[in-house]
Structure formats: C-alpha cells, structure tokens
Ligand code: GLP
C-alpha cells in the first residue's frame with residue numbers, strides 16, 4: 001500500500017488525477033471504476049481540465065460505478081447517476097452508453113445485482129477510484145460486510161445516513177438502502193486509487209493503513225491488494 005500525503009484537498013485531487021490520466025493514456029480502452037462523494041469531486045475537475053487542455057480522450061473507456069441509492073432514479077439530484085453526469089460525464093467525451101451504475105429503481109434488486117456482477121465479471125477495472133467512509137466503508141460496504149461479497153443490497157448504517165444527510169434537505173430523505181459493489185468486486189481491480197480528505201477520516205485512515213485486517217473496518221482489506229495508492233491530505237493522515 002503506497003500512501004501519498006498532500007498539503008491539502010487541491011493537491012490530493014491533482015495527484016490522484018495524474019494517476020488516472022496515466023492509466024487512460026496507456027490504455028485508451030481502460031475500464032475505469034468511479035466513486036461518488038465529496039472526496040473525488042476535485043479529482044474529476046482535474047480530469048475535465050486535462051481533457052480540455054491536453055485532449056486526453058475517454059471515447060473508448062468503459063466505466064463502472066461503485067454504488068447507487070435504492071429508490072432514487074437517474075434524474076434525482078442526489079442519485080449517483082446524476083452526480084456522475086454533472087461532475088464528470090457531461091464534460092468529457094465519454095460515450096454515455098459505456099457508463100454503468102447499479103440501477104437504484106430496478107424492480108427486482110436481486111436481478112439487478114446479478115446483472116451488475118455479470119458486467120463486472122466481464123470487465124475487470126484497470127483502476128478503481130475509492131473514497132472512504134468515516135466508519136471505514138468503501139463503496140457502501142458497511143462494517144462487517146464479508147470480504148468475499150459481490151454486488152448486493154445494503155442496509156445503510158445510522159452513521160452513514162447521518163454523514164450523507166448533509167446533501168439532502170432533511171435526514172428523512174436519505175435512502176435507507178443502496179446497491180453496492182461488494183468487496184470482492186472492488187478487490188478484483190488491477191489497481192486502486194483512494195482519495196481521502198479531512199480530520200473526520202483520520203481514525204479510519206489509521207485503521208486502514210496500520211490496523212488489523214478485519215471486516216469491522218472494510219477498508220483494511222486494501223492491505224491485501226497488490227497495487228493500492230492512498231492519496232490523502234495531511235488532516236486525513238494526521239494519525240499515521
Ligand atoms: C458515500 C459513498 C462512498 C464514499 C463515502 C465518503 O457513502 N457511498 O463511496 O466514499 O460516502 O464520502 P465523502 O467523500 O463525501 O466523505
């Protein structure tokens with residue numbers, strides 16, 4: 001596990017973007033695993049800037065996102081489908097037909113998870129971007145999710161509902177369930193780039209990097225992956 005500590009969010013975003021751009025330059029048909037949340041927004045802004053200034057093309061990539069809230073359709077402004085369009089896809093030359101997220105309004109959640117797992121089985125991520133929940137979750141894999149899990153329906157913890165409520169009008173509007181890639185789907189990626197920022201993540205970062213490898217802290221599984229880069233600002237790294 002390589003840890004890069006940066007001065008602030010801006011530098012973290014720039015460094016992490018360089019790693020992703022490198023993958024796309026080496027392989028224009030790369031499979032890119034994307035994440036949502038506040039952490040990767042700056043990274044995406046750097047991808048857009050590079051696309052505009054240097055012409056890095058996403059025309060041939062295929063994208064797979066980690067997760068989606070159950071019950072929010074792609075037009076809902078808090079859905080992860082909407083997030084990806086408005087923070088990245090609308091501003092680069094990706095073919096929208098090649099962008100994939102779990103469908104949060106699929107009538108049969110189990111069938112939707114099976115569909116997504118089949119897609120991932122065919123398309124190993126060249127790089128998977130991750131954020132980190134303050135309780136150590138990755139994607140929406142909450143504490144005690146088995147390491148061999150694949151895409152599944154998740155009951156969000158109170159901690160996550162509270163953390164994510166800042167983006168909704170009220171906490172009652174935060175969906176209680178989500179569809180998420182499992183830990184096994186994340187670990188299948190050839191490489192992983194995680195972005196983490198802020199003091200509220202410091203405890204989880206410490207556990208992830210230095211703690212016991214345990215489902216109680218899902219991100220600790222990354223210690224077992226051969227090619228992980230954690231890019232974190234100094235606040236997130238303050239307990240290392
Ligand atoms: C959400 C997402 C995760 C994300 C995490 C951290 O619950 N499902 O993929 O990494 O929260 O979000 P943030 O970056 O906003 O702190």
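Rundown of residues vs (1) part of a loop (DSSP other than H, G, I, E, B); (2) surrounded by 13 or more Cβ atoms within 10 Å (Cβ to Cβ); (3) modelled with pLDDT of 95 or more, yes/no style:
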| site | (1), (2), (3) |
| --- | --- |
| 76 | yes, yes, yes |
| 81 | no, yes, yes |
| 84 | no, yes, yes |
| 93 | yes, yes, yes |
| 102 | yes, yes, yes |
| 107 | yes, no, yes |
| 110 | no, no, yes |
| 113 | no, yes, yes |
| 117 | no, yes, yes |
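Identify, from the list 32, 19, 43, the residue that is under 18 Å from residue 126 (Cα atoms) and assigned to a strand (DSSP E or B).
Answer to the check: 32.
What tally of residues in the range 147-174 results from selecting those that are away from the ligand (no atom under 11 Å from the Cβ), surrounded by 14 or more Cβ atoms within 10 Å (Cβ to Cβ) and assigned to a loop (DSSP other than H, G, I, E, B)?
Here the count works out to 5.
Can you name the residue in the range 124-146 that is within 10 Å of the ligand (Cβ to nearest atom) and outside any loop (DSSP other than H, G, I, E, B) and is also farthest from residue 16 (Cα to Cα) among such residues?
Checked the range 124-146; the qualifying residue farthest from residue 16 (Cα to Cα) is 141.
Can you tell me how many residues within the range 50-74 are closer than 21 Å to residue 31 by Cα, in contact with a strand residue (DSSP E or B) (Cβ under 6 Å, 6 or more places away or on another chain) and assigned to a loop (DSSP other than H, G, I, E, B)?
Number satisfying all stated conditions: 1.
May I ask you to list the residues in the range 135-151 that are without any contact (Cβ under 8 Å) to a residue 60 or more places away in the chain and under 15 Å from residue 175 (Cβ atoms)?
none
Check 112, 53 and return the single one that is over 18 Å from residue 190 (Cα atoms), more than 16 Å from the ligand (Cβ to nearest atom) and free of Cβ contacts under 8 Å to residues at least 24 places away in the same chain.
53
Please go through the range 81-109 and pick out each residue that is away from the ligand (no atom under 16 Å from the Cβ) and closer than 30 Å to residue 235 by Cβ.
85, 89, 91, 92, listed by residue number.
Could you tell me which of the residues 72, 43, 62 is crowded, with 18+ Cβ neighbours inside 10 Å, within 19 Å of residue 231 (Cα to Cα) and touching a helix residue (DSSP H, G or I) at 6+ places or on another chain (Cβ under 9 Å)?
Being crowded, with 18+ Cβ neighbours inside 10 Å, within 19 Å of residue 231 (Cα to Cα) and touching a helix residue (DSSP H, G or I) at 6+ places or on another chain (Cβ under 9 Å) holds for just one of 72, 43, 62, which is 43.
The values are calculated or read from the model by the stated rules, or taken from the named source; none is laboratory data. Please read these numbers as outputs of a predicted model, since none were measured by experiment. Every residue, glycine among them, receives a Cβ derived from its backbone with ideal geometry; neighbour counts consider all protein chains shown.
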